[in-house]
1. What single numbered condition from (1) over 17 Å from the mean Cα position of the chain (by Cα); (2) surrounded by 22 or more Cβ atoms within 10 Å (Cβ to Cβ); (3) touching a residue at least 60 places away in the same chain (Cβ under 8 Å); (4) assigned to a loop (DSSP other than H, G, I, E, B) fails to hold for Ser176?
2. With respect to Pro149, is the statement that it is closer than 28 Å to Ile29 by Cβ, touching a residue at least 24 places away in the same chain (Cβ under 8 Å) and open to solvent by 40 Å² or more (accessible area, probe 1.4 Å) true?
3. Would you point out the residue of the range 202-212, among those that are buried (at least 21 other Cβ atoms within 10 Å of the Cβ) and touching a residue at least 60 places away in the same chain (Cβ under 8 Å), that is farthest from Val173 (Cα to Cα)?
4. Among the listed residues Gly166, Gly171, which satisfies the condition of being closer than 25 Å to Glu262 by Cβ and touching a residue at least 60 places away in the same chain (Cβ under 8 Å)?
5. Among the numbered criteria (1) modelled with pLDDT of 95 or more; (2) among the β-branched types (Val, Ile, Thr); (3) within 18 Å of Val6 (Cα to Cα), which one does Thr53 miss?
6. Got at least one residue in the range 306-314 being at pLDDT 80 or above, on the phi < 0 side of the Ramachandran plot, surrounded by 12 or more Cβ atoms within 10 Å (Cβ to Cβ) and within 37 Å of the chain's Cα centre (by Cα)?
7. For the range 220-235, what are the residues that are of a type in the set (A, V, I, L, M), open to solvent by less than 60 Å² (accessible area, probe 1.4 Å) and more than 11 Å from the chain's Cα centre (by Cα)?
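The values are calculated or read from the model by the stated rules, or taken from the named source; none is laboratory data. Note that the structure is a prediction, hence the values are computed from the model and not measured. When we count neighbours, we look across all protein chains shown, and the Cβ atoms used for this are built from the backbone with ideal geometry, even at glycine. Heads up: the accessible areas ignore ligands, DNA and RNA and are worked out on the full protein's heavy atoms, side chains in. Shrake-Rupley method; radii C 1.70, N 1.55, O 1.52, S 1.80 Å.
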Amino acid sequence: AVMDVVGYYAGAADTNPESVYNPQPPTRIVDTRNTAAVPSGRYLWVDLSLPATAVALNVTVTGPTRAGYLDVWPGAAPQPPSTSALNFAAGQTVANMAVTPTASDAYNGDASFSVGSFSAGSVNIIVDVVGFYTPLAGGGGSVFRATTPPRVVDTRIHKGLPRALGPAASGAVATSSVFGDAAAVAMVATATGLGDPSGTYLSVYPGGSAGGPATSSLNLAAREVRSNMVMPRLSPSSTRSFAEYNRSGTLDTLVDVVGYFEGPRNLPSVTTLTSSATVSSYDTPLTLTASVAGAFGAPTGYVTFADGGNGSVLAIEPVSGGVAHLSTGAL
């Protein structure tokens with residue numbers, strides 16, 4: 001067995017995670033079937049027009065003439081391979097999830113990464129972006145919460161979906177009763193396909209998406225059992241659902257969730273007010289200090305001080321170092 005570490009998620013003791021995750025509907029950004037197969041030892045440079053510190057990809061190869069592997073790495077420079085992101089045999093169509101850091105493009109400053117083929121033959125490469133990571137300071141984004149893996153789909157026993165997926169069939173799966181709360185925006189899971197008699201592909205994508213899937217998550221030969229990691233966005237509805245689509249044949253599926261992402265902007269902060277005086281009287285100067293603690297470290301932004309009697313706003317003060325101050329001439 002070989003295991004390669006590509007990163008980690010901050011735990012409860014780390015109150016200032018460097019990056020946060022932004023899920024998106026799967027978007028195909030590379031498909032060499034429309035141009036030319038990638039020769040042995042060559043790489044593709046992919047420029048992203050977004051401020052990503054890392055990107056979550058589903059990488060697929062199809063039609064390789066010889067066995068080999070793909071690697072992904074940040075930036076546009078050639079890089080000797082030290083790990084593999086996807087291994088394949090000759091003639092195989094196979095996909096794998098990959099998360100890679102990005103590097104700034106020297107020409108336009110955009111985030112970029114490369115994907116290279118290390119095979120004795122040529123291969124077609126397909127790359128779908130399922131999400132990206134941005135700096136925490138930029139606002140927005142979501143953080144990871146690990147969970148003891150629950151199985152949310154097992155079509156063999158009618159769990160999650162009532163039956164195996166037939167040809168060109170799709171189904172939505174609710175997660176709201178399984179993990180997380182209204183702040184959950186995406187999940188991380190292992191999707192498994194098994195038992196299709198003819199060979200097919202499975203797409204796992206956000207629930208409620210208009211027009212259905214545009215990409216594949218898992219490619220299967222006839223009677224093959226295969227798994228891949230998926231990171232779909234969840235629908236914003238109360239069911240927080242994702243969907244599955246089977247291209248052909250009849251496919252039983254399993255989905256095991258290992259964690260989920262929740263948006264910090266949806267979580268409450270705790271604010272404690274202290275006064276500069278232990279006893280105060282009407283018309284006496286006073287300074288109020290608001291100490292603000294969030295779930296992900298000291299928040300930035302503003303505190304609105306309001307009159308508890310009539311609700312009128314007294315002042316809106318910036319938060320600096322986790323505190324905001326209001327000094328009054330008379331309270």
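1. Checking Ser176 against (1) over 17 Å from the mean Cα position of the chain (by Cα); (2) surrounded by 22 or more Cβ atoms within 10 Å (Cβ to Cβ); (3) touching a residue at least 60 places away in the same chain (Cβ under 8 Å); (4) assigned to a loop (DSSP other than H, G, I, E, B), the one that fails is (2).
2. No.
3. At the first step, the residues of the range 202-212 found to be buried (at least 21 other Cβ atoms within 10 Å of the Cβ) are 202-207.
Now narrow it down to the ones that are touching a residue at least 60 places away in the same chain (Cβ under 8 Å): 203, 205-206.
On the way: Ser203: 13, Tyr205: 11, Pro206: 10 Å.
Only one residue tops the list, namely Ser203.
4. Numbers: Gly166 fails: closer than 25 Å to Glu262 by Cβ.
That would be Gly171, the only listed residue that is closer than 25 Å to Glu262 by Cβ and touching a residue at least 60 places away in the same chain (Cβ under 8 Å).
5. So Thr53 meets the others, but not (1).
6. Checking the range 306-314: not a single residue is at pLDDT 80 or above, on the phi < 0 side of the Ramachandran plot, surrounded by 12 or more Cβ atoms within 10 Å (Cβ to Cβ) and within 37 Å of the chain's Cα centre (by Cα).
7. Within the range 220-235, Leu220, Ala221, Ala222 qualify.
Listed here are the residues, each with its yes/no results for (1) within 30 Å of Val130 (Cα to Cα); (2) modelled with pLDDT of 85 or more.
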{"position": "Tyr245", "(1), (2)": "yes, yes"}
{"position": "Val270", "(1), (2)": "no, no"}
{"position": "Pro285", "(1), (2)": "no, no"}
{"position": "Ser291", "(1), (2)": "no, yes"}
{"position": "Tyr302", "(1), (2)": "no, no"}
